[in-house]
Structure formats: structure tokens, C-alpha cells
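Report on one structure; see the data block that follows.
Read-outs throughout are calculated quantities, based only on the coordinates presented, and are distinct from any laboratory measurement. Just so it is clear, the structure is predicted and the values come from calculations on it, not from any experiment. Ideal geometry is used to build each Cβ from the backbone, glycine not excepted, and the neighbour counts take in all protein chains shown.
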Amino acid sequence: MSASSLTPGKFLAVLAAGALFGFGLALSTMVQPEVVLSFLRFEDFGLMLVMGGAVLVTLLAYKLAPRVLGRPLLGGYFHQHVSHWNRDTLTGAALFGVGWGLCGVCPGPAIAGLGTGNWSLLWALAGIALGALAQGLRAKV
Amino acid sequence: MNEAISLFPLGWQHYLLGGVFIGAGVALLFLFTGLVGGMSTVFSSTWSFVLKRSFFQQARLTDTRVWRLVYALGLVLGAGVWWLLMSDGTPLTTEVPVALLLVGGFLVGYGARLGNGCTSGHGICGLGSLNWPSLLAVLTFMATAFLTANLVAWWLA
């Protein structure tokens, strides 16, 4: 999408997609830091099922949609997920894991958790926003 | 069967079903708009509304900042629907201390943006694209997260 504004159709599609995502995060209890930490401490392996289920559905959509549809239902084109393996990816992923292990909160649950009335997550949200700010200020572009 | 019970002391169905819903959200976004929906970029792109610095004014952030915010709003709404319909209506809370939420959050934000992805970007979208750099990123953050969480638990015990 070149324009930054959204048509009403795209607005609704993006909102509905986010709502499914957020509902799933709440249903799977991933919005609760304690559940994530219990996975990271090998007490409950549920997060493997969450990831497995999500990846499987995503894999099907990413593989099948471009073949069956040709282009997205609301126009535009099918984007591709691009990632590179370099020092930034390694360092970034390692730091992300340390932070995740400290607090049990990652970006999706930090946002979705607000919908469950868990205002303590605003601290994590503020931390993530400040971390992203610091990364942008340090980056050389 | 006993093995399965001990792996999932709180049951397993809600985990799998929740994961399918998350995947359905990412899939719906892709089917209708062609967009790839990781969650961490919104924490960079939203700064572009207020900061003029060239890093935040990159097209990949300014062109996507509106839909990413709408996507984030949807996340809150969807979790709110679960809270209204499927919980007892008590707001959820966490025992994780504020300092850990803040410091952990900072590292999560810094790391996810430096490494260009988080649990949803590298995890769900990257693995769903069979992208090997994302697999390496996932293995890396899983390893440091396991290590950190266990060290903290051992230190607090």
C-alpha cells in the first residue's frame, strides 16, 4: 500500500484481523505474563500449541492465497515476509529474548492485554515503546 | 495420557484453539489486503507521527503507520470481546513487578526492532513463510528467554 490512509473496506478488514488475533491471544491466555513465564520455566508447554496452531494456519494462507486468488480480495498485492540473518537480527533477537524472559510480555499481548482490563501492562507497553524509540534514535539511516 | 497431562497442567484445548484464532487473524489480513501482520513494527511506526528524524520518516514506517495502529486497536477489541463474553468480568492482573515490566519491556522493544521482528513477526509470519532467518531468530530468542526466565526464578527463589 503506497498511501498511508485506508479505504473503509480495508479499515474493517484490518480491524477484524486484529480482533481475531487479540481474541486468540486472550483465549490462549498468552495475555497473562504468568502463563508465558511458566512456559519459559518448562512448567507448561501450552505456548508450543499456540505457536503451532498459529503457524499452521498462517502457512496455509501464505501458500494458498497467492495461487488461488492471484491478488488480495481488496486489491493491492500479496506482500512477502522478508528477513535477513545478520548481526542486528542475532543481537536483536537475543535482547528480545532476555526482555521476554524478564517480564513474560511480548508486543502482541502487551497491546491485547489492555482489552482484558490489565492496566499493569501499560508499564510493559511504555517500556516497549521506549525501547523502540531508543533503537530508532541509535540507528544510522 | 499422563504424559500429556503433565505437559499441559491447565489443559491443552484453549492453547490450540487460541493459536488457530491468532493464525486466522494473520490469514484474514493477508487474504483481504496482502499485508504481513507482525506486531512489533507499530512501536516504531507510531513514533513517525511525532518525530521528524529520518529513521522514523522511512516510507516503510510512514506508509504503514495507519493500518498498524488500526490492527493494534483490533487487538484490544478482540481481547475485550473475550473478556466480556468468556471471563467472569474481573480485570486481569499480573504479579510481575513494575520494574521488570518496564525493563523487560524496554529490551523487548529495543530487541524486536533491532532484530526486525518479535514472536509474531519472526515467529508466526516468518515461520509461516518458511523463512530460515526467522527460524534462527526464533531459536535465538527462545534460548535467551529460557535462560533469563529460569535465572530470574532461581534468583528470586
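Structure values in brief
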quantity	calculated
Computed over chain B: relative contact order in percent, which uses C-alpha pairs under 8 Å that are six or more apart	24 percent
Rounded to whole Hz, the Karplus (6.51, -1.76, 1.60) HN-Hα couplings of region A:97-110, x for glycine and proline	x, 4, x, 5, x, 6, 10, x, 10, 10, x, x, x, 4
Cα-centre dipole for region A:1-97 with unit charges at Cβ (Lys and Arg positive, Asp and Glu negative), debye to 20	500 debye
Contact order relative to length of chain A, as percent, for alpha carbon pairs under 8 angstrom and 6 or more apart	31 percent
Cα-based shape type of region A:67-137, given that a ≥ b ≥ c are square roots of the gyration tensor eigenvalues and the cut on a/c is 1.5	oblate
Net dipole in debye of chain B [+1 Lys, Arg Cβ; -1 Asp, Glu Cβ; about Cα centre; nearest 20]	700 debye
Gap separating the Cα centres of region A:12-86 and region B:54-132, nearest whole Å	12 Å
Residue exposure sequence - A:MET30, A:MET51 - by fewest surrounding Cβ within 10 Å	A:MET51, A:MET30
Within the protein assembly as shown: Cβ-based charge dipole about Cα centre, in debye rounded to nearest 20 (Lys, Arg +1; Asp, Glu -1)	1220 debye
Whether region B:3-87 is rounded, prolate or oblate, judged on the alpha carbon gyration tensor where a/c under 1.5 counts as rounded	prolate
Fewest-first ranking of B:THR140, A:THR91, B:THR33, using other Cβ atoms within 10 Å as the exposure measure	A:THR91, B:THR140, B:THR33
The protein assembly as shown: calculated mean residue ellipticity at 222 nm from DSSP helix runs of at least 4, using -39500 (n - 2.57)	-21000 deg cm²/dmol
Between helix A:46-69 and chain A: long-axis angle, C-alpha atoms, 0 to 90°, nearest 10	10 degrees
Estimated vicinal HN-Hα couplings, Hz - region B:16-28 in sequence order (Karplus 6.51, -1.76, 1.60; Gly, Pro = x)	5, 5, x, x, 5, 4, 4, x, 5, x, 4, 5, 4
Angstrom value of the Kirkwood radius, inverse mean 1/r, which spans all Cα pairs in the protein assembly as shown	18.8 Å
Chain A: most fluctuating residue of A:GLY127, A:GLY115, A:GLY24 per GNM, C-alpha cutoff 10 Å	A:GLY127
Tilt relative to chain A, helix A:8-27 - C-alpha long axis, 0 to 90 degrees, to 10	30 degrees
Listed residues A:VAL82, A:VAL36, A:VAL68, most fluctuating in chain A (Gaussian network, C-alpha, under 10 Å)	A:VAL82
Listed residues B:ARG65, B:ARG53, B:ARG113, most fluctuating in chain B (Gaussian network, C-alpha, under 10 Å)	B:ARG53
Residue order, fewest to most beta carbons within 10 Å, for B:LYS52, A:LYS10	B:LYS52, A:LYS10
Cα shape, region A:21-141, gyration tensor, a/c 1.5 rule	oblate
